[in-house]
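Participant: My structure is below; once you've seen it, I'll send some questions.
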Amino acid sequence: MAHRIALLVSNDSERRALGSLVSSYGFAAHMFTDVNSAFASRIRFDLILIDYVLGHASLLDLIARLDRGSGTHYVPVLVLIDSWQVTDAVPWINDGVDEFVFRPIQEAILYARLRALLRLGEFHERVRRQNVQLRREMEMARSIQQNLMVNRFPQVGRYSIASRYIPATDLGGDFFDVYSVSGSLFGVFIADVAGHGVQAALLSMIVKGALDAIKKQHYSPASLLGELNTRLVPLFEPLNTFITAFSAIIDVWTGRLLYCSAGHPVQFLFHGGQAQGLKTRGGILGLSTSRQFSESMADLSQGDILLLYTDGLVEASSEDGEAFGEQRLIHCAQANLDQEPETIVGALVERLDEFAAPASEESALHDDDVNIIVVKAQY
């Protein structure tokens, strides 16, 4: 089908002459006297030629109606102008004009301008379609990743659990797991692959697969992280990337908590309203098989809360660059310790969103993935 070109020219004779010339090139010429009549035709144009005589207001109206920022069909704009007017028309380029053609019209130049701009439009259309397809694939990948996340927690005696995962982009590198180990034991695991986006998401799913293969064989968090690291180094080391993680094993009946950190931020246990930092010696995962991991123990009593998170929470920044930080995290949790885990998680997310509000609607709310797990002892 022939390319559809709109000719917005006020002078009748010039408009007809242009229409005849454009048609002779094999294009479909559609002639109008103003912007309103062109859009009233509801024709999907491939290029618009507008006369400079119609004025700046008409150009701005045209560009606004084309709505190029929406990701829809891109329509190039060519301006017909007298050579002596070009200095005044230069600002039009900033307003969205793609090219100028000068009076008196030289047929070869006009044809070259039209072909070049039509190729530009075709390029934009290919990119638009690819972006639409990529968006669909990303949405599917996000759905798959979300479905792979734990959305039902195992029955763990008198413990209640809630979580929230907020990826910075469609796909993220954080993940967590809550799983039965054996008898009265259950495990809680949280991890953060360096970076975010597609690579981090793919690597996090590989880590999850490796974890699934070994998690029920280890009653020791340090032992679990050691074997996980051994399995991950061959993949992560060549990519020069890494993962931080925190692993905990809880005995439902005794309240004993064993925990081990692999380069992860300090996690918190709230006992009697006070925050106790949980950190052990142990490097990040994925870069060296010589890593050694140690574990520590704590006791969970009635009403105690285990709060696990990834660094996207405490490193989130406000508009002026201030980090959310551990103290805000602690204070927000302490203000809600008598609530259920789901309410505590919700309060943390709400406080974070208030603190890290984006400067504009186009800005991402968070620069990094945010992952939160709250475990509360209810016995």
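Please treat every number below as a calculation from the coordinates, not as lab data. As the structure is a prediction and not an experimental result, all values here were calculated from the model. Every residue, glycine as well, gets a Cβ built from its backbone with ideal geometry; the counts of neighbours run over all protein chains shown.
Participant: Which longest uninterrupted range of the chain lacks any trypsin sites (Lys or Arg not before Pro) assigned by DSSP to a loop state (not H, G, I, E or B) and surrounded by at most 16 other Cβ atoms within 10 Å?
Facilitator: That would be 159-278.
Participant: Right, here's the next one. Decide, for region 242-379, between rounded, prolate and oblate: order the square roots of the alpha carbon gyration tensor eigenvalues as a ≥ b ≥ c, take rounded if a/c falls under 1.5, and otherwise choose prolate if a/b is larger than b/c, else oblate.
Facilitator: On the way: a/c = 2.52, a/b = 1.23, b/c = 2.06.
Oblate is the answer for region 242-379, as a/c is 1.5 or above yet b/c matches or exceeds a/b.
Participant: Taking the chain as a Gaussian network, where each spring joins two C-alpha atoms under 10 Å apart, which residue of V178, V90, V75 fluctuates the most?
Facilitator: V90
Participant: Amide H to amide H under 5 Å from Y159: which residues, 5+ apart in sequence or cross-chain, H placed 1.01 Å off N in plane?
Facilitator: Here the answer is Q378, since their amide H atoms fall under 5 Å of that of Y159.
Participant: Which FRET efficiency value, to the nearest 0.05, is calculated for D61 and V198 with the Förster distance at 30 angstrom and r the Cβ-Cβ distance?
Facilitator: Details: r = 40 Å, r/R0 = 1.33.
Step by step, r from the Cβ atoms, then E = 0.15.
Participant: Could you pull out every residue, at least 5 positions away or on a different chain, whose amide H is within less than 5 Å of the one on Q267? Hs are placed 1.01 Å off N in the peptide plane, and Pro or chain starts have none.
Facilitator: Result for Q267 returns L278.
Participant: Okay, moving on. For the chain, give me the percentage of DSSP beta bridges that are antiparallel, rounded to the nearest 5 percent.
Facilitator: Numbers: 49 of 68 bridges.
Roughly 70 percent of the DSSP beta bridges within the chain come out antiparallel.
Participant: Looking at region 4-139 from every direction and averaging, what is the projected area of its Cα convex hull in nm²?
Facilitator: The directionally averaged projection comes out at 8.5 nm².
Participant: Treating the angle as unsigned and between 0 and 90°, give the value, to the nearest 10°, between the Cα long axis of helix 221-239 and the longest Cα principal axis of the chain.
Facilitator: 30
Participant: If you average the C-alpha positions of region 50-66 and of region 171-216 separately, how far apart do those two centres end up, in angstrom?
Facilitator: 55
Participant: Using the Cα gyration tensor of region 89-141, with a ≥ b ≥ c the square roots of its eigenvalues, what is the shape: rounded (a/c below 1.5), prolate (a/b larger than b/c) or oblate (neither)?
Facilitator: Verdict is oblate for region 89-141.
Participant: Given a 10 angstrom Cα cut-off, can you work out which residue in L118, L211, L313 is the most mobile in a GNM of the chain?
Facilitator: L118
Participant: Tell me, what is the percent relative contact order of region 150-377, built from C-alpha pairs under 8 Å that lie six or more residues apart?
Facilitator: 24
Participant: Using all alpha carbons of region 172-247, what is the percent of pairwise distances in each 10 Å bin, ordered from the shortest bin to the longest?
Facilitator: Reading the bins upward from 0: 19, 55, 22, 4.
Participant: Label the chain by shape, choosing from rounded, prolate and oblate, from the square roots a ≥ b ≥ c of the eigenvalues of the Cα gyration tensor; if a/c is under 1.5 it is rounded, and otherwise prolate applies when a/b is larger than b/c, oblate when it is not.
Facilitator: Since a/c reaches 1.5 and a/b is larger than b/c, the shape of the chain is classed as prolate.
Participant: Taking the chain as the reference, fit the longest principal axis to its C-alpha atoms, fit the long axis of helix 198-214 to the helix C-alpha atoms, and give the angle between the two in degrees, 0 to 90, nearest 10.
Facilitator: Helix 198-214 and the main axis of the chain meet at about 30 degrees.
Participant: Report the label-to-label distance for A116 and K216 in nanometres (one decimal), using points 7 Å from each Cα along the Cα→Cβ vector.
Facilitator: About 6.7 nm, to one decimal.
Participant: If you average the C-alpha positions of region 302-356 and of region 26-44 separately, how far apart do those two centres end up, in angstrom?
Facilitator: Between the Cα centres of region 302-356 and region 26-44 lies a distance of 56 Å.
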